[in-house]
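Following: one structure in structure tokens, then a few remarks.
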Amino acid sequence: MESVLPPEILGLLSDPLRWQLVSELGRSDRRVGELVQLVGKPQNLVSYHLAELRHAGIVRPRRSSADGRDVYYCADLFRCRDLLGDAGLSLHPGLSLAPTQPDGVGARRGRPRLLFLCTGNSARSQIAEALVEHRSAGTVEARSAGSHPKALHRNAVRVMAERGIDISGRPTKSLTRFARSRFDRVITLCDKVREICPEFPHAPITAHWSIADPASAGGNDKATYPVFEHVADEIESRVALLLADLRTRPLERTHRA
């Protein structure tokens, strides 16, 4: 009988350290030094395993927009899902992934409160806030703010209108407005804001999504619109994972950025 090799993803993620790295990066984008502290392993070992995961397309690096010398890593959990699903199908065609549950978080679990932060509150955090409200059908309360608020960007309004969501009337807000407010999770979408994010009451879960400001791509609105589309797509994918996480552990406070 011809020998059949197991799918590469099974060997790749069977290593406990690689599994831990992907799990941590699935919760928050992190720098290598932060991962070293979290997993308690030498930096050269962590860097080696990150390189293996990067080669397989499981994690990807992104240069920090706050300090160009820093690199944030994030996990592509949807690629993991697809590769693991393919592995199951290669074992037996009847092993397909179960359909996902609706995005709404059941009222019986309470109504989690989320805060999204970026610099201008003009695009990224507004997009995240609107997508959470829309996809959760109002069962999750979301707010957004910026360290230096400015006018809502026209491309942010346009890219959300393409998704059937009107954010044209939303005000931009300073993060100081929420300094004394209680949230279950606080998520930064800007490398600069992450470095200055204040402590919030009741120690909410914190996470970081390293997403560059689409308006900083340069050019006029027409030239930067594809960048806004890409950013909105990425935020929408991350929001889907966030809502799925809230369904299973809505008020857990164990993982910090």
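Summary of computed values
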{"quantity": "Packing rank of 192-198, 216-222, where each peptide gets the mean count of other beta carbons within 10 Å, highest leading", "calculated": "192-198, 216-222"}
{"quantity": "Karplus-derived HN-Hα couplings along the range 63-76 (A = 6.51, B = -1.76, C = 1.60, θ = phi - 60°), whole Hz, x at Gly and Pro", "calculated": "5, 5, 7, 8, 9, x, 7, 8, 10, 9, 10, 9, 9, 8"}
{"quantity": "Distant-in-sequence amide H partners of Ser174 (H built 1.01 Å from N, under 5 Å)", "calculated": "Gly146"}
{"quantity": "In Hz, Karplus ³J(HN,Hα) per residue of the range 18-25 (6.51, -1.76, 1.60; θ = phi - 60°; x = Gly, Pro)", "calculated": "5, 4, 5, 5, 5, 5, 5, 6"}
{"quantity": "Cβ-Cβ FRET estimate between Arg163 and Ala203, R0 fixed at 30 Å, reported to 0.05", "calculated": "0.35"}
{"quantity": "Computed FRET value (nearest 0.05) for Ala51 with Lys173, which takes r as the C-beta separation and R₀ as 41 Å", "calculated": "0.50"}
{"quantity": "Charge tally in the Cβ shell below 11 Å around Ala145, where Lys, Arg are +1 and Asp, Glu are -1, Ala145 excluded", "calculated": "+2"}
{"quantity": "Ordering of 176-185, 125-134, 57-66, 160-169 by packing [mean C-beta count within 10 Å, highest first]", "calculated": "125-134, 57-66, 176-185, 160-169"}
{"quantity": "Accessible area of the chain belonging to carbon and sulfur atoms, whole % at 1.4 Å probe", "calculated": "53"}
{"quantity": "Length gained when the stretch Gln43-Leu10 is fully extended (0.36 nm per residue, less Cα-Cα span)", "calculated": "9.5 nm"}
{"quantity": "DSSP beta bridge pairing in the chain, given as percent antiparallel to the nearest 5", "calculated": "30"}
{"quantity": "Within the chain, helix-based [θ] at 222 nm, where runs of 4 or more DSSP H residues each add -39,500 (n - 2.57), nearest 500", "calculated": "-13000 deg cm²/dmol"}
{"quantity": "Residues with amide H under 5 Å from that of Ser210, placed H, sequence gap 5 or more", "calculated": "Asp29"}
{"quantity": "Between the range 1-45 and the range 137-181, the Cα center-to-center distance that results, in Å", "calculated": "35"}
{"quantity": "Separation of the Arg154 and Lys222 label points, Cα + 7 Å toward Cβ, nm", "calculated": "1.1"}
{"quantity": "Accessible area (Å², per residue) of the range 25-99, counting only protein heavy atoms and a probe of 1.4 Å", "calculated": "58"}
{"quantity": "Rg over Rh [alpha-carbon atoms, Kirkwood Rh] for the range 129-231", "calculated": "0.96"}
{"quantity": "FRET efficiency for Glu229 and Leu17, using Cβ-Cβ distance with R0 set to 25 Å, rounded to 0.05", "calculated": "0.10"}
{"quantity": "The range 49-56 - phi-based ³J(HN,Hα) in whole Hz, Karplus 6.51/-1.76/1.60, Gly and Pro as x", "calculated": "5, 4, 5, 5, 5, 5, 4, 7"}
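The values are calculated or read from the model by the stated rules, or taken from the named source; none is laboratory data. Every value quoted in this text rests on a predicted model; they were computed, and no experiment measured them. Neighbour counts run over all protein chains shown; Cβ positions are idealised from the backbone, glycine included. Only protein heavy atoms, including side chains, enter the accessible area calculation; ligands, DNA and RNA are left aside. Shrake-Rupley method; radii C 1.70, N 1.55, O 1.52, S 1.80 Å.
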